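Each remark here refers to the structure printed beneath this line.
The values are calculated or read from the model by the stated rules, or taken from the named source; none is laboratory data. Given the structure is predicted, the values throughout are model-derived calculations rather than measurements. When we count neighbours, we look across all protein chains shown, and the Cβ atoms used for this are built from the backbone with ideal geometry, even at glycine.
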Amino acid sequence: MNATTVPPTLLVTGGAGFIGSNFVHLLAEQRPDARVVNLDALTYAGNLENLRELEGRANHVFVHGDICKSADVARALAACGKGPLQVVHFAAESHVDRSIQSGLPFVETNVVGTQVLLDACRARGVERFVHVSTDEVYGSLGTSGMFTEDTPLAPNSPYSASKAASDFLVRAAVHTHGFPACITRCSNNYGPYQFPEKLIPLMIANAGENKELPVYGDGMNVRDWLYVRDHCEAIQAVLERGRPGEVYNIGGHNEYPNLEIVRLILKLLGKPESLIRFVKDRPGHDRRYAIDASKMERELGWRPRYDFVTALPLTIRWYQSHPEWLQRVRSGAYRDYYAAQYGAR
Ligand code: NAD
Ligand code: TDX
């Protein structure tokens, strides 16, 4: 960068959620001078306490707003200023079980919200737009094979269907308008700040309180787990070096059946397997996901740095050393932190 080049501002949507907040922490560490504008609606999954350590940084701006509302997106873009802008789009309804209960919020945020954001960013002009999607858009695998970027989309849940729809909207913006977007499709993440409705933090939290660990069906569904820091570094690589219009699969070659993970967590916590409770299966439960991330490795030189054997104990230690965070999320008290700053709601 020469002396006259203005460093880009980053607009992050959903930066108060699990992966978004980890990404904002990574930016603070690796790009400490970058201006970061975080647009987040603070749904149940958004938690400003995830960003507590970054409070008071003049170059980190939080904008409370909804990506479905053009006026909120315009406010966030105004906060970005007029210089070069890069966008990383995390904001979404993200939990499969909730989408089975009610699909509409998923269509609103994941589909409508993504289109509102795309339109506003296109009108504003951006250097790069990274759309953070998921391996679940590819559907379910049998016992062999892996998802590549060319695997046809076959989503099975309202969540994954809404994410696939958003991927198509991004693709259409690239194809029709030459919009400079990349799409990433990552496997299951785990690590700090994950809302304890998802498998790994739920099991850690329940085991810590000697509560039952609900395993769906036979527990033999397989997910390909990636430590959240690796995912955030992959997104950085796509932001910096990804080719517009390309899809990048991100994964860790870290396939485990759910039951094995639950047993591992119990072992690491020194808790008995009698806490495991097999419960009714999730309707339409995808059997297996596995990601071929060789394009990321080949084109962008990205590789995961953590495997399950090191990062699962790290993750458990993080939850053990943040009992207050976990307790406040489990009790709902984390919402008070929001209310203190933005008024009761
Ligand atoms: P999360 O549910 O923890 O966080 C979502 C964030 O988006 C929250 O802060 C929430 O307040 C915000 N949000 C929701 N609706 C909004 C709206 N209408 N306007 C503005 N903000 C809104 O999700 P996550 O697990 O961090 O996932 C982030 C992204 O990564 C999602 O797009 C998800 O599909 C994708 N992804 C997640 C995983 C995973 O394992 N968690 C894996 C692959 C891809
Ligand atoms: O209590 C549980 N018991 C159980 O057996 C929960 C919450 C889950 N499970 C199973 C279902 C899945 O096979 O564990 C596996 C993982 O479940 P989730 O944590 O709900 O994740 P998943 O449905 O695989 O989706 C996740 O990965 C891809 C994220 O929630 C998505 O946002 C992401 O796109």
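Exactly one residue out of Gly46, Gly81 is away from ligand 2 (no atom under 16 Å from the Cβ) and part of a loop (DSSP other than H, G, I, E, B), and it is Gly81. Could you check, for the stretch 167-182, whether at least one of its residues is in contact (Cβ under 8 Å) with a residue 12 or more places away in the chain, closer than 26 Å to Arg303 by Cβ, out of contact with any Phe, Trp or Tyr (no Cβ under 7 Å at 6 or more places or on another chain) and more than 11 Å from ligand 2 (Cβ to nearest atom)? Yes, the stretch 167-182 contains at least one residue that is in contact (Cβ under 8 Å) with a residue 12 or more places away in the chain, closer than 26 Å to Arg303 by Cβ, out of contact with any Phe, Trp or Tyr (no Cβ under 7 Å at 6 or more places or on another chain) and more than 11 Å from ligand 2 (Cβ to nearest atom). Exactly one condition in (1) touching a residue at least 12 places away in the same chain (Cβ under 8 Å); (2) more than 15 Å from ligand 1 (Cβ to nearest atom); (3) not polar (S, T, N, Q) is false for Ala123; which is it? With respect to (1) touching a residue at least 12 places away in the same chain (Cβ under 8 Å); (2) more than 15 Å from ligand 1 (Cβ to nearest atom); (3) not polar (S, T, N, Q), Ala123 is out only on (1). Residues that are closer than 20 Å to Asn188 by Cα and of a type in the set (Phe, Trp, Tyr) were ranked within the stretch 266-321; the one that is surrounded by the most Cβ atoms within 10 Å (Cβ to Cβ) is Tyr289.
None of Asp218, Asp230 is within 12 Å of ligand 2 (Cβ to nearest atom) and charged (D, E, K, R) except Asp218. Contact annotation: residue pairs with Cβ atoms under 6 Å, 6 or more positions apart or on different chains, pairing a residue in the stretch 56-67 that is within 11 Å of ligand 1 (Cβ to nearest atom) with a partner that is assigned to a loop (DSSP other than H, G, I, E, B), are Asp66/Ala41; Ile67/Ala91.
Looking at Val126, Val73, Val63, just one residue is part of a loop (DSSP other than H, G, I, E, B), surrounded by 17 or more Cβ atoms within 10 Å (Cβ to Cβ) and more than 18 Å from the chain's Cα centre (by Cα), and that residue is Val126.
Can you tell me how many residues within the stretch 85-104 are part of a helix (DSSP H, G or I) and more than 17 Å from the chain's Cα centre (by Cα)? Summing the residues that are part of a helix (DSSP H, G or I) and more than 17 Å from the chain's Cα centre (by Cα) in the stretch 85-104 gives 3.
Residue check: Lys267 meets all listed conditions (1) part of a helix (DSSP H, G or I); (2) over 22 Å from Trp225 (Cα atoms) but one, namely (2). The single condition among (1) of a type outside the set (A, V, I, L, M); (2) within 15 Å of ligand 2 (Cβ to nearest atom); (3) crowded, with 23+ Cβ neighbours inside 10 Å that Ser99 does not meet is (3). Applying the set (1) modelled with pLDDT under 95; (2) out of contact with any Pro (no Cβ under 8 Å at 6 or more places or on another chain) to His253 leaves exactly one unmet item: (2).
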